Amino acid sequence: MKLIGSETSPFVRKIAVMLLEKGREFEFVNDPPFEPGSRVVEYNPLGKVPVLIADDGEVFYDSRVIAEYLELQALAPAFLPADRQAALRIRQVEALADGVTEAAATLFRESKRLPEKQDEAWILRQRQKVLHGLDALEKLAQQRALLNAEQLTLADIATGCALGYLNFRRIVPNWCVDRPALIKLAERLFARESFARTMPPHSADTIKN
Ligand SMILES: N[C@@H](CCC(=O)N[C@@H](CS)C(=O)NCC(=O)O)C(=O)O
């Protein structure tokens, strides 16, 4: 199994965490999609990572599709409940966390444009998505039913990757103010070996995402 991606991508991290937690060996192919000469588009017409190449050569892209594929492999532990309705609720939280990550990545890219080219209204819109998304995640973490980092699910993993990305890019650096349940969740997740091993490199200040 090959995972194509970059070391700084939170969506790639999501899949790497899953694979490490499941103890599934994989080869990591570092191919940041924004670098000239990237071959990502040969596997994913959208030119985005993560891309997963399965042992039989089948190619999967978009982290949510890859996550579904990995769950279908029945490798323990499962990150979705067997009950499909319950699984749908976990996937809804995953989508919420991924949405926070996407808006944060957009904010980061916008911050790298020349100041006169930055669009204030667009920045505000993305910032609202991050803040409203975090508020919703905080509520869920307080309720603990769908988000608790105890019996790990895709909701926990995606949320951990979103918070890790906010820390890494210092996007909305005060995200933890008034969000105690998310802080606790992050502490629990970041203490796991899978998250420790997939920490983005400290020096990265490029647009590799
Ligand atoms: N919805 C996609 C998002 C993937 C994504 O946005 N990946 C970024 C890196 S974090 C990327 O490859 N960007 C390259 C581009 O937009 O051209 C997923 O979950 O896999």
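The values are calculated or read from the model by the stated rules, or taken from the named source; none is laboratory data. The structure presented is a predicted model; accordingly, all values stated were derived computationally and were not measured. Virtual Cβ from ideal backbone geometry, glycine too; neighbours counted across all protein chains shown. Side chains are part of the model used for accessible areas, which takes the heavy atoms of the whole protein and leaves out ligands, DNA and RNA. Shrake-Rupley method; radii C 1.70, N 1.55, O 1.52, S 1.80 Å.
Side notes on the structure shown:
- Any chance Leu107 is surrounded by 20 or more Cβ atoms within 10 Å (Cβ to Cβ) and either within 19 Å of the chain's Cα centre (by Cα) or among the basic types (Lys, Arg) (or both): yes
- Condition met for Lys22 (open to solvent by 10 Å² or more (accessible area, probe 1.4 Å), under 13 Å from Leu70 (Cβ atoms) and more than 12 Å from the ligand (Cβ to nearest atom)): yes
- When residues of segment 25-39 are limited to those that are of a type outside the set (D, E, K, R) and either more than 26 Å from Ala104 (Cβ to Cβ) or in contact with a strand residue (DSSP E or B) (Cβ under 7 Å, 6 or more places away or on another chain) (or both), the one farthest from the ligand (Cβ to nearest atom): Phe26
- Selection within segment 40-51: residues that are in contact (Cβ under 8 Å) with a residue 12 or more places away in the chain and not in a loop (DSSP other than H, G, I, E, B). The member of this set that is nearest to the ligand (Cβ to nearest atom) is Val40.
- Per the listing Lys22, Lys2, Lys14, the residue uniquely within 13 Å of Ile157 (Cβ to Cβ) and more than 15 Å from the chain's Cα centre (by Cα) is Lys22.
- Selection of first residues in segment 90-113 that are more than 10 Å from the ligand (Cβ to nearest atom) and of second residues that are outside any helix (DSSP H, G or I) and open to solvent by less than 10 Å² (accessible area, probe 1.4 Å), restricted to Cβ pairs under 7 Å at least 6 apart or on distinct chains, gives the following pairs, ordered by first then second residue: Val93/Leu147.
- Selection of first residues in segment 6-21 that are assigned to a helix (DSSP H, G or I) and of second residues that are near the ligand (Cβ under 7 Å from one of its atoms) and open to solvent by less than 10 Å² (accessible area, probe 1.4 Å), restricted to Cβ pairs under 6 Å at least 6 apart or on distinct chains, gives the following pairs, ordered by first then second residue: Phe11/Pro50; Phe11/Ser63; Val12/Pro50; Lys14/Ser63; Ile15/Pro50; Ile15/Ser63.
- Residues in segment 52-74 that are near the ligand (Cβ under 9 Å from one of its atoms) and either in contact (Cβ under 8 Å) with a residue 60 or more places away in the chain or surrounded by 14 or more Cβ atoms within 10 Å (Cβ to Cβ) (or both): Tyr61, Asp62, Ser63, Arg64, Ile66, Ala67.
- Segment 75-99, subset assigned to a helix (DSSP H, G or I) and not hydrophobic (A, V, I, L, M, F, W, C), residue surrounded by the fewest Cβ atoms within 10 Å (Cβ to Cβ): Gln85
- Taking each residue of segment 78-89 that is in contact (Cβ under 8 Å) with a residue 24 or more places away in the chain and closer than 15 Å to Met18 by Cβ and looking for partners that are surrounded by 11 or more Cβ atoms within 10 Å (Cβ to Cβ) and of a type in the set (Lys, Arg) with beta-carbon atoms closer than 9 Å, six or more apart or interchain, yields Phe79/Lys22; Leu80/Arg91.
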